[in-house]
Amino acid sequence: MLCNICGKNPATVHLTEIVDNQMNELHLCEECAREKSSQMEQQFGLSDLLVGLTQTEKSSEDKEFANLKCAGCGLTYKDFKKIGRLGCGECYTTFKKYLGPLLKRIHGSTIHHGKTPFLTVKVTKNKVDVQELRQQLQKAVESEAYEEAARIRDQIKEIEQKQSPEPGGNEEK
Amino acid sequence: MKINDLLHQTSEWLKGTGPNSDIVISSRIRLARNLQKFPFPHWANKKQNRDILDAVAQAVPAIEGLKNATLFKLSELDNIDRQFLIERHLMSYEHAQKTDFKGLIIDDEEVISIMINEEDHIRAQVMQSGFNLFEAWGILNKVDESMARELPFAFLSDWGYLTACPTNAGTGMRGSVMLHLPALIMTRQINQVLAAIAKLSFTTRGLYGEGTQAVGNFFQISNQISLGPSEKEIIENINGLIRQIIEQELQTREILMTKSKIMLEDKIYRSFGILKSAYTISSQETTELLSLVRLGVDLGMIRDITRRTVNELFILTQPAHLQKLENKKISSQERDFKRAEIIRQQLTVK
């Protein structure tokens, strides 16, 4: 089979392209495929996707924010929007206000429920649980689901009792 | 361990064992981790990248499961070696580009591998044969805990582990399952399955990860969301989806066996015949035909070779593996000859 684009070289790369819900199969030689993939990357690079997601912020605030620089690594928000990658861990704190909504759009959540680095396992896990439960409690009360609310309230109490400092408690270890 | 030692062993994930190994080739979990106080690799300067590599290298002896592990510096490997490691799924394609201060740690069973200075400081993965994400997680979790004792990780209590790209923040976890779905493809049901997967926030990729086309009826399915659900919930979500896909593939195989048995046998035995008799064969054709032979083994039509032999052939016939076997760089045409020769040898009943 010859390449669909140049019609000269044998097709070695096989692509499926979906445009407007239409699926096209493309059979390309290595050279044309490389060109095609760089075109596709330009159109749909991950950094563009992220940039697209960040672009819903208000523009006046955005201008001010664009020049904000991370003290940890010198990356500006503008840099982040351009390259789609943050510069260091501290960037997350520096750009917190804008990253919160972005994380929400990507993951549908802004509260980590997974594991934590070894030394802080206990404390943080409970803190996160209570935070989340309080939110659930509020929602339950708002929607007048009182039975559910009572259940959540008891759960919070239980966690908080467990957390209250005991003599020789191991929270600081 | 030297890279060449790997050539003569079967990677853990290719053994063809584990739950549902008639459909699930392998299960893989990876974690993204970064060190506090260092910029992420793309934003760090050379000295910082070197310090990151050194810090992780120093921690290796204390990391669980890495007693018999080797650290390779990517800049010290040649192109064929790097391609060879990609083909064995021990590292990403991206890791083989711009190799300064990049490292790769592999344990001698090829279960655990850790990329240093890829997109994040640390990308640790565990691969298992069959449908086995929880087992992979059990191993990787221990690796992670022992790493955390040695290396201070960038972490915020509300956003979890911090990563260069916000799409990986939170757990930093990606679970992937590699599936072989020939029946769903033959009956053209696969597009419905893929559309459903996309709606559920999972991604589908080909055999070689990001940006690759599904060849030979293989698909990798993984979670997209890493912040919010716990590691256990992420795995349970993937497992739920994979179980449904397995069920559909099994049902479809059964329907094909009852309604079009002769057509199916014809396809499978022809493929087997070509592979056993070809003197030159491309990589693409090999993958497609091996996929059908694997189906034949799974359905009990082909009994004189094992699933493991077929799995091994998928990897041994890749370009860098062929060149490693020949111990030199060979042209594409020579590779096609060599590939056919190896397949003939392996498929001939001893």
Subject >> Rounded to whole Hz, the Karplus (6.51, -1.76, 1.60) HN-Hα couplings of the stretch B:243-259, x for glycine and proline >> reply: 4, 5, 5, 4, 4, 5, 5, 4, 4, 5, 4, 5, 4, 4, 5, 8, 8
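Can you tell me how chain B classifies by the Cα gyration tensor, rounded, prolate or oblate, using a/c under 1.5 as the rounded cut?
Numbers: a/c = 2.25, a/b = 1.41, b/c = 1.59.
Oblate, because a/c is 1.5 or more while a/b does not exceed b/c.
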Subject >> FRET efficiency estimate (nearest 0.05) - Cβ-Cβ, A:VAL130 to B:LEU71, R0 30 angstrom >> reply: 0.10
Original post:
Where does the Debye-calculated log10 I(q)/I(0) of the stretch B:271-350 sit at q = 0.11, 0.16, 0.20, 0.26 Å⁻¹, using only Cα point scatterers of equal weight, no solvent?
Top reply: -0.25, -0.53, -0.81, -1.28
Subject >> Average accessible surface area per residue within the stretch B:3-252, 1.4 Å rolling probe, Å² >> reply: 37 Å²
Original post:
222 nm [θ] for chain B, helices only, -39500 (n - 2.57) per DSSP H run of 4+, per residue, to 500?
Top reply: -14000 deg cm²/dmol
**OP:** Enumerate the amide H contacts of B:GLY160 below 5 Å, restricted to partners 5 or more residues apart or on another chain; note that Pro and chain-start residues carry no placed amide H.
**Re:** A:HIS112
Original post:
Does the stretch B:216-294 come out rounded, prolate or oblate by the C-alpha gyration tensor, with a ≥ b ≥ c the root eigenvalues, rounded set by a/c under 1.5 and, if not, prolate when a/b is larger than b/c and oblate if not?
Top reply: oblate
**OP:** Provide the solvent-accessible area of A:LEU68, counting protein heavy atoms only and rolling a 1.4 Å probe, rounded to the nearest 10 Å².
**Re:** 60 Å²
Subject >> Residue-by-residue Karplus 3J(HN,Hα) for the stretch B:234-241, coefficients 6.51, -1.76, 1.60, Hz, glycine and proline x >> reply: 4, 5, 4, 4, 5, 4, x, 5
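Where in chain B lies the longest segment free of chymotrypsin sites (Phe, Trp or Tyr not before Pro) that are both loop residues by DSSP (not H, G, I, E, B) and have at most 16 other Cβ atoms within 10 Å? Spell out each step's value before the answer.
Values: sites that count: B:TYR93, B:TYR279.
With a cap of 16 other Cβ atoms within 10 Å, the longest stretch comes to B:94-278.
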Original post:
What share of Cα pairs, in percent, lie more than 44 angstrom apart in the protein assembly as shown?
Top reply: 20 percent
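Could you give the length gained on full extension between B:GLU254 and B:LYS276, defined as 0.36 nm per residue of separation minus the Cα-Cα distance, in nm? Please list the in-between numbers first.
Values: separation 22, 0.36 × 22 = 7.92 nm, distance 2.67 nm.
Full-extension gain reported as 5.2 nm.
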Subject >> Environment charge of B:ALA69, counting only residues whose C-beta is closer than 10 Å and scoring Lys/Arg +1, Asp/Glu -1 >> reply: -2
Original post:
Long-range amide H contacts for B:PHE72: which residues qualify at under 5 Å (H placed 1.01 Å from N, peptide plane, sequence gap of 5 or more or a different chain)?
Top reply: B:LEU104, B:ILE105, B:ILE106
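In peptide B:139-152, how many Cβ atoms from other protein chains are near each Cβ within 10 Å, on average?
Details: counts 0, 0, 1, 0, 0, 3, 4, 1, 2, 7, 3, 1, 1, 2.
Counting Cβ atoms of other protein chains within 10 Å of each residue's Cβ and averaging gives 2.
Going highest first, how would you order B:248-256, A:82-90 by mean Cβ packing within 10 Å? Kindly include the intermediate steps, with their values, before the conclusion.
Details: B:248-256: 17.1, A:82-90: 21.6.
Those peptides, ordered most packed to least, come out A:82-90, B:248-256.
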Subject >> Peptide B:226-233, shielding by other chains (average Cβ, 10 Å cutoff) >> reply: 6
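Per residue of B:167-176, how many C-beta atoms from partner chains lie within 10 Å of its own C-beta, taken as a mean? Each step should come with its number before you reach the end.
Details: counts 9, 2, 9, 9, 4, 3, 2, 0, 0, 0.
Average neighbour count from other chains, rounded to a whole number: 4.
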Original post:
Counting only residues 5 or more places away or on other chains, whose amide H sits under 5 Å from the amide H of A:CYS6 once H atoms are built in the peptide plane?
Top reply: A:CYS29
Original post:
Of B:LYS73/B:LYS98; B:LYS2/B:LYS142; A:LYS115/B:LYS46, which pairs sit farther than 20 Å apart, going by alpha carbon to alpha carbon?
Top reply: B:LYS2/B:LYS142; A:LYS115/B:LYS46
Original post:
How large is ³J(HN,Hα) for each residue in the stretch B:54-64, as worked out from phi by the Karplus curve 6.51 cos²θ - 1.76 cosθ + 1.60 (θ = phi - 60°), to whole Hz, x for Gly and Pro?
Top reply: 5, 4, 5, 4, 5, 6, 3, x, 8, 8, 4
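The values are calculated or read from the model by the stated rules, or taken from the named source; none is laboratory data. Remember, predicted model here, so these are calculated numbers, not experimental data. Neighbour counts run over all protein chains shown; Cβ positions are idealised from the backbone, glycine included. We work out accessible area using only protein heavy atoms, side chains counted, and drop any ligands, DNA or RNA first. Shrake-Rupley method; radii C 1.70, N 1.55, O 1.52, S 1.80 Å.
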